[in-house]
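Structure record follows, encoded as structure tokens.
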Amino acid sequence: MSINSFGRLFSVSTWGESHGPALGAMVDGCPPNVPLDAAMIQHWLDRRKPGQNKFTTQRQEADQVEILSGVYEGLTTGTPIQLLIRNTDQRSKDYSGIAEKFRPGHADITYWQKYGIRDPRGGGRSSARETAARVAAGGVARQALKMLVPELRITGAMVQMGPHRIDRNNWDRDQIEANPFWAPDAKAAAMWEGYLDGLRKSGNSIGAVVEVMAEGMPAGLGAPVYAKLDVDLAAAMMSINAVKAVEIGAGMMAAELTGEENADEIFMTEAGPVYSSNHAGGILGGISTGQDVICRFAVKPTSSILKPRRTITKAGEEVEIVTKGRHDPCVGIRAVPVGEAMMACTLLDHVLLHRGQVGENQGRIG
């Protein structure tokens, strides 16, 4: 199966299946002399791993990362970094009853139509388990960004579950890691708990919206046409399993604004230019402004549910299907650290591209 890599100078190739012996990532282009060990990556994997509460899949995976190459005496060498995560809690028998059936909402049918291959064990390569490798690669990217852009800070949060949005007046960064939903609004998190518990017990699922923000951004990252920062961010987020929409800044709401309302006015201060607002999401003409970069993506409901659904078999027979196994009632919860990882990988790629082409920003203001 082709095209398992992303990034230009900082590139990541993921490999492995949901129920195979292991999965992982090969990271190339990381600068040398970046402090890195397994514990630094493990911190981010622990935020994504399954089975941490009743609102995520009960598959028990330690997601313990092993660094096989590219690091010597605690520093990156500038050579490819191979990351390995072993699968230890597969239950392939849960999928034996659907080997000939296509699960509605899953990639089963399109993989079969394209490749003529069907791995029913948890979805194989199309499983969200693949995102563990992305989070590991994101851990490497964060270490490099810490060295190259020390003021940069990447934060993800769930801002909507189903029809229920957070109240942005209640935004509290300290709440994000204080509840199982990565919600910055404690009241919303409390309401979501009962809402999702009811869906989970009924064998159903729900979608979500995740917001990822990069603060302390340098101006000048990106390019005017085909390597726009927002283009690459949108592609990175859209590549995450179950993501169906991506927006930058005001996003779809920009269509409801007038030009007067949407334009972020610019003022000059001793510290440099500042903006009256951030409808652009920190990116103008494909290039970062130095404001916070803000990206949101919508995650569809988990397709593996206990509710009977109509489908067909590989032979074309119409049948009913119920998907057993252990699944997230809201996959958006564990998508938060994945979105952060994709933001980190994309920004590091653009930092390296910028350094290679321009070095330091050329246009001085004031």
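The values are calculated or read from the model by the stated rules, or taken from the named source; none is laboratory data. Quick caveat, the model's predicted, so the values are computed rather than measured. All Cβ positions, glycine included, derive from the backbone under ideal geometry; neighbour counts span all protein chains shown. We work out accessible area using only protein heavy atoms, side chains counted, and drop any ligands, DNA or RNA first. Shrake-Rupley method; radii C 1.70, N 1.55, O 1.52, S 1.80 Å.
The table below gives the values:
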item	result
Test set (1) in a loop (DSSP other than H, G, I, E, B); (2) under 23 Å from the mean Cα position of the chain (by Cα); (3) at pLDDT below 95 - residue 290 fails condition number	(3)
The one condition in (1) touching a residue at least 40 places away in the same chain (Cβ under 8 Å); (2) within 18 Å of residue 293 (Cα to Cα); (3) surrounded by fewer than 15 Cβ atoms within 10 Å (Cβ to Cβ) that residue 171 fails to fulfil	(1)
Flag for residue 338 being among the hydrophobic types (A, V, I, L, M, F, W, C), open to solvent by less than 30 Å² (accessible area, probe 1.4 Å) and more than 23 Å from residue 158 (Cβ to Cβ)	no
Residue check for residue 225: under 26 Å from residue 357 (Cα atoms), among the aliphatic types (A, V, I, L, M) and either under 13 Å from the mean Cα position of the chain (by Cα) or open to solvent by 30 Å² or more (accessible area, probe 1.4 Å) (or both)	yes
Single match in 140, 135, 209, 243 (criterion: surrounded by 14 or more Cβ atoms within 10 Å (Cβ to Cβ), hydrophobic (A, V, I, L, M, F, W, C) and either free of Cβ contacts under 8 Å to residues at least 24 places away in the same chain or more than 22 Å from residue 11 (Cβ to Cβ) (or both))	209
Among (1) small (Gly, Ala, Ser); (2) at pLDDT below 95; (3) not in a loop (DSSP other than H, G, I, E, B) - the single one residue 157 does not satisfy	(2)
Residue 129 open to solvent by 30 Å² or more (accessible area, probe 1.4 Å), in contact with a Leu (Cβ under 9 Å, 6 or more places away or on another chain) and within 17 Å of residue 45 (Cβ to Cβ)	no
Sole residue being touching a Cys at 6+ places or on another chain (Cβ under 9 Å), closer than 30 Å to residue 6 by Cβ, of a type outside the set (Asp, Glu) and touching a residue at least 40 places away in the same chain (Cβ under 8 Å), chosen from 147, 161	161
Hey, residue 235 touching a helix residue (DSSP H, G or I) at 6+ places or on another chain (Cβ under 6 Å) and within 22 Å of residue 332 (Cβ to Cβ) or not	no
Subset of region 323-334 [under 14 Å from the mean Cα position of the chain (by Cα) and either open to solvent by 10 Å² or more (accessible area, probe 1.4 Å) or under 22 Å from residue 288 (Cα atoms) (or both)]	331, 334
Test: residue in region 188-202 that is open to solvent by 40 Å² or more (accessible area, probe 1.4 Å) and within 24 Å of residue 63 (Cβ to Cβ)	yes
Candidate set from region 312-322 (those that are in contact (Cβ under 8 Å) with a residue 60 or more places away in the chain and in a loop (DSSP other than H, G, I, E, B)); member that is nearest to the chain's Cα centre (by Cα)	314
Output for region 191-218, where each listed residue is more than 26 Å from residue 167 (Cα to Cα) and more than 23 Å from the chain's Cα centre (by Cα)	201, 202, 203
Members of region 252-275 found to be aliphatic (A, V, I, L, M), surrounded by 12 or more Cβ atoms within 10 Å (Cβ to Cβ) and over 19 Å from residue 217 (Cβ atoms), listed by number	254, 257, 263
For residue 266: the one exception among (1) farther than 18 Å from residue 105 by Cα; (2) over 20 Å from the mean Cα position of the chain (by Cα); (3) modelled with pLDDT under 95	(3)
Neighbours by Cβ (under 9 Å, 6+ apart or cross-chain): first from region 342-366, open to solvent by 30 Å² or more (accessible area, probe 1.4 Å); second among the aliphatic types (A, V, I, L, M) and in a helix (DSSP H, G or I)	355/148
When residues of region 60-93 are limited to those that are open to solvent by 20 Å² or more (accessible area, probe 1.4 Å), of a type in the set (S, T, N, Q) and modelled with pLDDT under 95, the one farthest from residue 337 (Cα to Cα)	92
Among (1) closer than 23 Å to residue 4 by Cβ; (2) crowded, with 21+ Cβ neighbours inside 10 Å; (3) at pLDDT 90 or above - the single one residue 28 does not satisfy	(2)
